[in-house]
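All remarks here apply to the structure that follows.
Bear in mind that the values in this text are calculations on the coordinates, not laboratory data. Bear in mind that the values here come from a model prediction, so they are computed numbers and not experimental data. Cβ placement follows ideal geometry from the backbone for every residue including glycine, while neighbour counts extend to all protein chains displayed.
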Amino acid sequence: MSKSCQSCAMPLKRDPEGGGTNTDGSKSTDYCSLCYKDGKFLQPDFTVKDMQDFCIEKMRECGVPKFLGWLFTRGLPKLKRWSTPA
């Protein structure tokens with residue numbers, strides 16, 4: 001099991017639903033419930049830049065300064081969703 005979502009980098013232990021779901025209803029070991037449901041990405045048209053902006057905004061809503069959000073999202077291009085060819 002990945003320690004972080006391979007789409008947004010959120011620690012999976014912080015996912016309120018315990019992870020996203022695969023097509024068979026089982027829990028995904030790679031993606032969180034904010035990114036993945038029923039075997040599909042919830043933001044299928046997102047680019048890695050779109051995801052970075054989305055994550056920064058979500059973190060700002062939780063009180064994280066924008067600069068820290070930017071810092072936390074710099075590694076997104078290396079995650080499974082973004083580093084493997086579609």
For this session: Can you spot the aspartates and glutamates whose alpha carbon is less than 13 Å from Lys3's alpha carbon? Ignore those fewer than 8 places along the same chain.
Result: Asp15, Asp30
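Counting other Cβ atoms within 10 Å, which trypsin sites (Lys or Arg not before Pro) in segment 12-84 have at most 16 and lie in a DSSP loop? Present the calculation step by step, with values, prior to reporting the outcome.
Numbers: sites: Lys13, Arg14, Lys27, Lys37, Lys40, Lys49, Lys58, Arg60, Lys66, Arg74, Lys78, Lys80, Arg81; in loops: Arg74.
When the trypsin sites (Lys or Arg not before Pro) of segment 12-84 are filtered for loop state and at most 16 Cβ neighbours within 10 Å, Arg74 remain.
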Problem set entry | Folded to 0 to 90 degrees: helix 48-61 orientation relative to the chain principal axis, Cα | 70
Exercise. Using 7 Å Cα-to-Cβ label points, what is the Phe54/Lys13 separation (nm, one decimal)?
Worked result: 2.5
Problem set entry | Residues with amide H under 5 Å from that of Cys5, placed H, sequence gap 5 or more | Met10, Leu12
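Taking a 19 Å limit on the Cα-Cα distance, which of the listed pairs Lys49/Lys80; Lys37/Lys78; Lys13/Lys40; Lys37/Lys80; Lys27/Lys66; Lys27/Lys58 fall beyond it?
Values: Lys49/Lys80 15 Å; Lys37/Lys78 22 Å; Lys13/Lys40 21 Å; Lys37/Lys80 17 Å; Lys27/Lys66 31 Å; Lys27/Lys58 23 Å.
Checking Cα-Cα distances, Lys37/Lys78; Lys13/Lys40; Lys27/Lys66; Lys27/Lys58 exceed 19 Å.
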Seminar exercise, completed: Summing -39500 (n - 2.57) over every DSSP H run of at least 4 residues in the chain and dividing by its residue count gives a helix-only mean residue ellipticity at 222 nm, to the nearest 500 deg cm²/dmol, of -8000 deg cm²/dmol
Exercise. Using bins 5 angstrom wide from zero, how does P(r) for the chain break down, in % of all Cα pairs?
Worked result: 3, 16, 25, 27, 20, 8, 2, 0
